[in-house]
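Okay, structure first, notes after.
The values are calculated or read from the model by the stated rules, or taken from the named source; none is laboratory data. These figures come from a predicted structure and were not determined experimentally. Note that each Cβ is placed from the backbone with ideal geometry, even for glycine, and that neighbours are counted across all protein chains shown. Areas reflect the complete protein model, heavy atoms only, side chains present, ligands, DNA and RNA absent. Shrake-Rupley method; radii C 1.70, N 1.55, O 1.52, S 1.80 Å.
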Amino acid sequence: MKKLVKGNIALCEGAIAAGLKSYFGYPITPQNEVPAYLSRKMVELGRVFVQAESEIAAANMVLGAAVTGARAMTSSSSPGISLKQEAISYMAGMQIPALIVNIQRGGPGLGNISGAQSDYFQAVKGGGHGDYRLIVLAPNSVQEMYEMAYDSFDLAEKYRTPVMILADGIVGQMMEPVEFNRPEKKDFEEKSWHLNGCKGRAPRSIQSLLMKDGVLEKHNINLQEKYKTISKNEARFETYKTDDARVIITAYGISSRIAKSAVKLARKEGIKAGLFRPKTLWPFPSEAIAALAKPGVKFLSAELSHGQMIEDVKLAVNGKVPVEFLGKAGGAIITEQEIVIKIKEMIK
(Lines give C-alpha, C1' and ligand atoms only; values in the text may rest on other atoms or scores of the structure.)
Protein backbone atom coordinates (compact mmCIF):
# COMPACT_ATOMS: atom_id res chain seq x y z
CA MET A 1 0.00 0.00 0.00
CA LYS A 2 1.18 3.50 -0.83
CA LYS A 3 0.49 6.68 1.13
CA LEU A 4 0.58 10.26 -0.11
CA VAL A 5 3.04 12.12 2.14
CA LYS A 6 5.53 14.96 2.08
CA GLY A 7 9.21 14.26 1.67
CA ASN A 8 9.98 15.47 5.18
CA ILE A 9 7.39 13.10 6.65
CA ALA A 10 8.67 10.16 4.59
CA LEU A 11 12.13 10.91 5.99
CA CYS A 12 10.74 10.67 9.53
CA GLU A 13 9.01 7.37 8.84
CA GLY A 14 12.17 5.89 7.34
CA ALA A 15 14.21 6.87 10.38
CA ILE A 16 11.58 5.53 12.78
CA ALA A 17 11.39 2.20 10.94
CA ALA A 18 15.20 1.98 11.12
CA GLY A 19 15.05 2.17 14.91
CA LEU A 20 15.57 5.87 15.59
CA LYS A 21 15.64 6.20 19.38
CA SER A 22 16.57 9.84 19.93
CA TYR A 23 15.87 12.97 17.89
CA PHE A 24 17.23 16.41 18.74
CA GLY A 25 16.36 19.41 16.63
CA TYR A 26 15.51 23.06 16.31
CA PRO A 27 12.94 24.61 13.93
CA ILE A 28 13.93 26.19 10.63
CA THR A 29 12.13 26.27 7.27
CA PRO A 30 11.92 24.22 5.00
CA GLN A 31 12.49 21.27 7.36
CA ASN A 32 10.00 22.24 10.07
CA GLU A 33 7.76 19.26 9.37
CA VAL A 34 10.51 16.96 10.63
CA PRO A 35 10.64 18.17 14.26
CA ALA A 36 6.91 18.91 14.26
CA TYR A 37 6.04 15.35 13.18
CA LEU A 38 8.60 13.68 15.42
CA SER A 39 7.53 15.74 18.45
CA ARG A 40 4.30 13.74 18.39
CA LYS A 41 5.40 10.45 16.86
CA MET A 42 8.46 9.83 19.04
CA VAL A 43 6.45 10.46 22.21
CA GLU A 44 3.75 8.05 21.04
CA LEU A 45 6.42 5.40 20.53
CA GLY A 46 8.05 6.00 23.90
CA ARG A 47 11.21 7.35 22.34
CA VAL A 48 13.19 10.54 22.91
CA PHE A 49 12.33 13.88 21.31
CA VAL A 50 14.01 17.11 22.41
CA GLN A 51 13.62 20.54 20.89
CA ALA A 52 16.99 21.93 21.89
CA GLU A 53 17.70 25.55 22.75
CA SER A 54 19.80 25.92 19.59
CA GLU A 55 21.18 24.05 16.60
CA ILE A 56 24.54 23.83 18.37
CA ALA A 57 22.93 22.18 21.38
CA ALA A 58 20.95 19.77 19.20
CA ALA A 59 24.07 18.50 17.43
CA ASN A 60 25.93 17.95 20.70
CA MET A 61 22.93 16.11 22.14
CA VAL A 62 23.10 13.75 19.16
CA LEU A 63 26.76 13.15 19.95
CA GLY A 64 25.91 12.32 23.55
CA ALA A 65 23.08 9.96 22.67
CA ALA A 66 24.90 8.21 19.84
CA VAL A 67 27.98 7.51 21.96
CA THR A 68 25.78 5.28 24.14
CA GLY A 69 24.86 3.21 21.07
CA ALA A 70 21.41 4.72 20.48
CA ARG A 71 20.36 5.50 16.93
CA ALA A 72 20.26 9.30 17.00
CA MET A 73 19.44 12.00 14.48
CA THR A 74 19.21 15.73 13.98
CA SER A 75 17.89 17.78 11.09
CA SER A 76 18.02 21.38 9.99
CA SER A 77 18.35 23.60 6.96
CA SER A 78 21.41 25.33 5.57
CA PRO A 79 22.24 28.03 8.20
CA GLY A 80 21.36 25.60 10.98
CA ILE A 81 23.69 22.96 9.58
CA SER A 82 26.48 25.55 9.59
CA LEU A 83 26.01 25.90 13.34
CA LYS A 84 26.27 22.13 13.81
CA GLN A 85 29.64 21.77 12.09
CA GLU A 86 31.84 21.69 15.18
CA ALA A 87 29.87 18.80 16.66
CA ILE A 88 29.82 17.01 13.30
CA SER A 89 33.62 17.21 13.15
CA TYR A 90 33.78 15.81 16.69
CA MET A 91 31.48 12.92 15.73
CA ALA A 92 33.60 12.12 12.67
CA GLY A 93 36.77 12.24 14.77
CA MET A 94 35.24 10.10 17.51
CA GLN A 95 33.82 7.69 14.91
CA ILE A 96 30.27 8.00 16.19
CA PRO A 97 27.44 6.85 13.89
CA ALA A 98 24.57 9.31 13.57
CA LEU A 99 22.26 10.82 10.96
CA ILE A 100 22.35 14.50 10.06
CA VAL A 101 19.74 15.82 7.62
CA ASN A 102 20.05 19.06 5.63
CA ILE A 103 16.94 20.20 3.76
CA GLN A 104 18.72 22.94 1.83
CA ARG A 105 17.46 26.48 1.38
CA GLY A 106 18.77 29.47 -0.57
CA GLY A 107 21.84 31.30 0.69
CA PRO A 108 24.40 32.53 1.57
CA GLY A 109 23.50 34.00 4.94
CA LEU A 110 19.89 33.64 6.00
CA GLY A 111 18.98 33.78 2.30
CA ASN A 112 15.40 32.66 1.85
CA ILE A 113 13.24 29.58 2.42
CA SER A 114 13.18 28.33 -1.19
CA GLY A 115 14.86 25.07 -2.11
CA ALA A 116 18.48 25.16 -3.24
CA GLN A 117 21.57 22.99 -3.70
CA SER A 118 24.30 25.37 -2.64
CA ASP A 119 25.51 23.34 0.38
CA TYR A 120 27.26 20.70 -1.73
CA PHE A 121 30.77 21.90 -0.86
CA GLN A 122 29.93 22.05 2.83
CA ALA A 123 28.56 18.51 2.82
CA VAL A 124 31.10 16.63 0.71
CA LYS A 125 34.32 18.52 1.44
CA GLY A 126 33.97 18.48 5.24
CA GLY A 127 32.12 21.53 6.56
CA GLY A 128 33.97 21.54 9.87
CA HIS A 129 37.63 21.40 10.80
CA GLY A 130 40.04 18.54 10.16
CA ASP A 131 40.52 15.84 7.53
CA TYR A 132 37.21 14.01 7.68
CA ARG A 133 34.39 12.86 5.42
CA LEU A 134 30.71 12.15 5.77
CA ILE A 135 28.78 9.65 3.71
CA VAL A 136 26.40 11.97 1.85
CA LEU A 137 23.18 10.65 0.29
CA ALA A 138 21.11 12.71 -2.16
CA PRO A 139 17.45 11.65 -2.57
CA ASN A 140 15.48 12.91 -5.56
CA SER A 141 12.03 11.64 -4.58
CA VAL A 142 9.81 11.25 -1.55
CA GLN A 143 10.27 7.48 -1.82
CA GLU A 144 14.04 7.90 -1.59
CA MET A 145 13.67 10.23 1.40
CA TYR A 146 12.10 7.27 3.21
CA GLU A 147 14.52 4.64 1.95
CA MET A 148 17.71 6.66 2.41
CA ALA A 149 16.74 7.67 5.94
CA TYR A 150 16.28 3.98 6.72
CA ASP A 151 19.53 2.91 5.08
CA SER A 152 21.58 5.73 6.62
CA PHE A 153 21.68 4.20 10.08
CA ASP A 154 23.01 0.88 8.80
CA LEU A 155 25.71 2.70 6.82
CA ALA A 156 26.59 4.85 9.82
CA GLU A 157 27.01 1.83 12.10
CA LYS A 158 28.78 -0.29 9.48
CA TYR A 159 31.54 2.30 9.16
CA ARG A 160 31.18 4.09 12.51
CA THR A 161 30.73 7.46 10.86
CA PRO A 162 28.12 10.21 10.65
CA VAL A 163 25.92 10.10 7.55
CA MET A 164 24.29 13.13 5.98
CA ILE A 165 21.16 13.24 3.84
CA LEU A 166 21.54 16.27 1.60
CA ALA A 167 18.10 17.03 0.19
CA ASP A 168 16.65 20.28 -1.10
CA GLY A 169 13.59 22.17 0.06
CA ILE A 170 11.59 21.07 -2.97
CA VAL A 171 12.02 17.34 -2.28
CA GLY A 172 11.37 17.99 1.41
CA GLN A 173 8.12 19.84 0.74
CA MET A 174 6.70 17.94 -2.24
CA MET A 175 4.07 15.21 -1.84
CA GLU A 176 4.22 11.86 -3.65
CA PRO A 177 2.92 8.33 -3.09
CA VAL A 178 5.34 6.34 -0.94
CA GLU A 179 5.52 2.62 -0.33
CA PHE A 180 6.77 1.99 3.19
CA ASN A 181 8.73 -1.08 2.11
CA ARG A 182 11.29 -1.48 4.89
CA PRO A 183 10.85 -3.81 7.89
CA GLU A 184 10.76 -2.21 11.31
CA LYS A 185 13.99 -2.79 13.22
CA LYS A 186 13.68 -3.58 16.89
CA ASP A 187 16.65 -5.77 17.78
CA PHE A 188 20.25 -4.64 17.42
CA GLU A 189 23.57 -6.31 17.99
CA GLU A 190 25.64 -5.29 21.00
CA LYS A 191 28.24 -2.74 19.95
CA SER A 192 31.85 -3.26 20.98
CA TRP A 193 32.60 0.44 21.31
CA HIS A 194 29.65 2.23 22.89
CA LEU A 195 29.70 3.64 26.40
CA ASN A 196 27.07 1.94 28.56
CA GLY A 197 28.78 1.60 31.91
CA CYS A 198 31.80 -0.60 32.56
CA LYS A 199 30.43 -2.97 35.20
CA GLY A 200 31.85 -6.40 34.42
CA ARG A 201 34.16 -5.19 31.66
CA ALA A 202 37.19 -2.99 31.06
CA PRO A 203 36.49 0.74 30.77
CA ARG A 204 36.16 2.23 27.28
CA SER A 205 37.03 5.70 26.08
CA ILE A 206 35.87 7.65 23.03
CA GLN A 207 37.43 11.06 22.52
CA SER A 208 38.59 13.49 19.88
CA LEU A 209 41.39 15.13 21.87
CA LEU A 210 44.52 13.05 21.22
CA MET A 211 47.57 14.80 22.67
CA LYS A 212 50.23 12.08 22.94
CA ASP A 213 53.00 12.21 20.37
CA GLY A 214 51.98 10.45 17.12
CA VAL A 215 48.56 9.31 18.37
CA LEU A 216 46.54 11.85 16.36
CA GLU A 217 48.58 11.15 13.25
CA LYS A 218 47.89 7.42 13.54
CA HIS A 219 44.20 8.14 14.15
CA ASN A 220 44.03 10.25 11.00
CA ILE A 221 45.71 7.52 8.97
CA ASN A 222 43.14 5.01 10.23
CA LEU A 223 40.31 7.37 9.28
CA GLN A 224 41.69 7.79 5.77
CA GLU A 225 41.94 4.02 5.34
CA LYS A 226 38.29 3.75 6.35
CA TYR A 227 37.33 6.45 3.85
CA LYS A 228 39.13 4.52 1.11
CA THR A 229 37.05 1.45 1.97
CA ILE A 230 33.84 3.48 1.87
CA SER A 231 34.84 4.97 -1.48
CA LYS A 232 35.45 1.50 -2.89
CA ASN A 233 32.22 -0.04 -1.63
CA GLU A 234 29.50 2.58 -1.30
CA ALA A 235 29.44 4.83 -4.38
CA ARG A 236 25.87 4.74 -5.76
CA PHE A 237 24.41 6.23 -8.92
CA GLU A 238 21.72 5.96 -11.59
CA THR A 239 22.04 6.35 -15.37
CA TYR A 240 19.40 7.11 -17.97
CA LYS A 241 20.06 6.72 -21.71
CA THR A 242 23.80 7.26 -21.42
CA ASP A 243 24.87 4.41 -23.74
CA ASP A 244 24.71 6.46 -26.95
CA ALA A 245 24.52 9.96 -25.48
CA ARG A 246 26.54 12.82 -26.95
CA VAL A 247 25.69 15.06 -24.01
CA ILE A 248 25.45 13.54 -20.52
CA ILE A 249 23.83 15.69 -17.85
CA THR A 250 25.09 15.22 -14.30
CA ALA A 251 22.55 16.26 -11.67
CA TYR A 252 21.31 15.24 -8.23
CA GLY A 253 18.22 15.82 -6.13
CA ILE A 254 15.38 17.77 -7.74
CA SER A 255 17.71 18.92 -10.52
CA SER A 256 18.07 15.32 -11.68
CA ARG A 257 14.31 15.05 -12.18
CA ILE A 258 14.26 18.24 -14.21
CA ALA A 259 17.25 16.96 -16.18
CA LYS A 260 15.56 13.63 -16.89
CA SER A 261 12.58 15.47 -18.36
CA ALA A 262 15.01 17.51 -20.45
CA VAL A 263 16.62 14.31 -21.76
CA LYS A 264 13.19 13.05 -22.84
CA LEU A 265 12.45 16.34 -24.62
CA ALA A 266 15.85 16.28 -26.34
CA ARG A 267 15.38 12.69 -27.46
CA LYS A 268 12.05 13.61 -29.06
CA GLU A 269 13.99 16.09 -31.19
CA GLY A 270 16.53 13.44 -32.15
CA ILE A 271 19.23 14.73 -29.81
CA LYS A 272 21.17 12.01 -28.04
CA ALA A 273 21.20 13.16 -24.44
CA GLY A 274 21.52 11.16 -21.22
CA LEU A 275 21.54 11.57 -17.45
CA PHE A 276 24.00 10.51 -14.77
CA ARG A 277 22.63 10.92 -11.25
CA PRO A 278 24.87 10.44 -8.22
CA LYS A 279 22.91 8.97 -5.32
CA THR A 280 25.95 9.35 -3.10
CA LEU A 281 27.63 12.73 -3.32
CA TRP A 282 30.38 11.28 -1.15
CA PRO A 283 31.71 8.86 -2.04
CA PHE A 284 31.33 10.45 -5.46
CA PRO A 285 30.93 7.87 -8.28
CA SER A 286 33.99 9.12 -10.12
CA GLU A 287 34.92 5.82 -11.76
CA ALA A 288 31.47 5.41 -13.27
CA ILE A 289 31.61 8.93 -14.72
CA ALA A 290 35.14 8.36 -16.02
CA ALA A 291 33.92 5.27 -17.88
CA LEU A 292 31.42 7.44 -19.76
CA ALA A 293 34.01 10.07 -20.72
CA LYS A 294 34.57 8.79 -24.26
CA PRO A 295 35.59 10.71 -27.38
CA GLY A 296 32.68 12.72 -28.78
CA VAL A 297 30.90 12.98 -25.41
CA LYS A 298 30.33 16.20 -23.49
CA PHE A 299 29.12 16.63 -19.92
CA LEU A 300 26.73 19.24 -18.56
CA SER A 301 26.48 19.76 -14.80
CA ALA A 302 23.00 21.01 -13.89
CA GLU A 303 22.71 22.35 -10.34
CA LEU A 304 20.69 24.73 -8.19
CA SER A 305 23.91 26.57 -7.35
CA HIS A 306 26.52 28.56 -9.22
CA GLY A 307 28.70 25.51 -9.73
CA GLN A 308 29.84 23.10 -7.02
CA MET A 309 29.35 19.47 -8.07
CA ILE A 310 30.87 20.40 -11.45
CA GLU A 311 34.30 20.38 -9.79
CA ASP A 312 33.94 16.69 -8.93
CA VAL A 313 32.65 15.94 -12.42
CA LYS A 314 35.71 17.63 -13.91
CA LEU A 315 38.00 15.67 -11.61
CA ALA A 316 36.28 12.45 -12.67
CA VAL A 317 36.63 13.01 -16.42
CA ASN A 318 40.22 14.22 -15.86
CA GLY A 319 40.31 16.48 -18.90
CA LYS A 320 39.28 13.76 -21.35
CA VAL A 321 36.07 15.50 -22.45
CA PRO A 322 34.53 18.97 -22.05
CA VAL A 323 32.38 19.74 -19.00
CA GLU A 324 29.99 22.71 -19.07
CA PHE A 325 27.63 24.16 -16.48
CA LEU A 326 24.06 25.34 -16.14
CA GLY A 327 22.67 26.48 -12.83
CA LYS A 328 20.75 28.97 -10.75
CA ALA A 329 20.93 29.80 -7.07
CA GLY A 330 19.03 31.71 -4.42
CA GLY A 331 15.95 29.52 -4.72
CA ALA A 332 15.63 29.85 -8.51
CA ILE A 333 14.89 26.73 -10.60
CA ILE A 334 16.33 25.69 -13.94
CA THR A 335 13.77 24.41 -16.43
CA GLU A 336 13.75 21.53 -18.89
CA GLN A 337 13.60 24.00 -21.76
CA GLU A 338 16.69 25.85 -20.53
CA ILE A 339 18.59 22.58 -20.32
CA VAL A 340 17.53 21.59 -23.86
CA ILE A 341 18.65 24.97 -25.19
CA LYS A 342 22.02 24.49 -23.50
CA ILE A 343 22.36 20.98 -24.93
CA LYS A 344 21.70 22.30 -28.45
CA GLU A 345 24.39 24.94 -27.97
CA MET A 346 26.85 22.28 -26.86
CA ILE A 347 26.34 19.98 -29.88
CA LYS A 348 26.54 22.68 -32.55
Query raised in the report: Among LYS298, LYS268, LYS279, which one moves the most in a GNM of the chain with springs linking Cα atoms closer than 10 Å?
Result: LYS268
Query raised in the report: Amide H to amide H under 5 Å from LEU137: which residues, 5+ apart in sequence or cross-chain, H placed 1.01 Å off N in plane?
Result: MET164, ILE165, LEU166, LEU281
Query raised in the report: Roughly how many whole Å is it from the C-alpha centroid of the range 153-192 to that of the range 288-348?
Result: 29
Query raised in the report: Among SER305, SER205, SER261, which one shows the biggest mean-square fluctuation in a GNM of the chain, springs joining Cα atoms closer than 10 Å?
Result: SER205
Report summary line: Charge tally for neighbours of GLN104 with beta carbon under 10 Å away, counting Lys, Arg as +1 and Asp, Glu as -1, is -1
Query raised in the report: How many nm is it between the label spots at LEU315 and LYS199, if each spot is 7 Å from the Cα in line with the beta carbon?
Result: 4.9
Query raised in the report: Distance in nm between label sites at GLU345 and HIS219, each 7 Å beyond Cα in the beta-carbon direction?
Result: 4.9
Report task. Whenever you get a sec, compute what percent of the accessible area on the range 237-347 sits on carbon and sulfur atoms (1.4 Å probe). Result -> 50
Query raised in the report: Rounded, prolate or oblate: which fits the range 1-156, taking a ≥ b ≥ c as square roots of the Cα gyration tensor eigenvalues, rounded meaning a/c under 1.5, else prolate when a/b beats b/c?
Result: rounded
**Report entry** In range of the label at ASP154: residues from the range 11-35 whose backbone nitrogen is under 16 Å from the point 7 Å along Cα→Cβ
**Finding:** 14-20
Query raised in the report: Non-local amide H neighbours of GLY111 (under 5 Å, H modeled in plane, Pro and chain starts lacking H): which ones?
Result: none
Report summary line: A student applying the Cα gyration tensor rule (rounded when a/c is under 1.5; otherwise prolate if a/b is larger than b/c, oblate if not) would label the range 78-136 prolate
Report summary line: Note on the range 23-81: alpha-carbon gyration tensor, axes a ≥ b ≥ c; rule is a/c under 1.5 for rounded, else prolate if a/b larger than b/c, else oblate; result oblate
Query raised in the report: Where is the GNM fluctuation largest for the chain (alpha-carbon springs, 10 angstrom cutoff): GLN207, GLN143, GLN337?
Result: GLN207
Report summary line: For the range 237-347, Rg(Cα) over 2.2 N^0.38 Å is 0.94
Query raised in the report: Taking amide H positions as placed 1.01 Å from N in the peptide plane, with prolines and chain starts having none, which residues 5 or more places from LEU300, or on another chain, fall under 5 Å of its amide H?
Result: ILE248, ILE249, THR250, GLU324
Query - Cα gyration tensor of the range 293-348 - equivalent ellipsoid semi-axes, whole Å, descending - result: 21, 15, 6
Query - Alpha-carbon gyration tensor eigenvalues x 5, square-rooted, for the chain, Å - result: 35, 23, 18
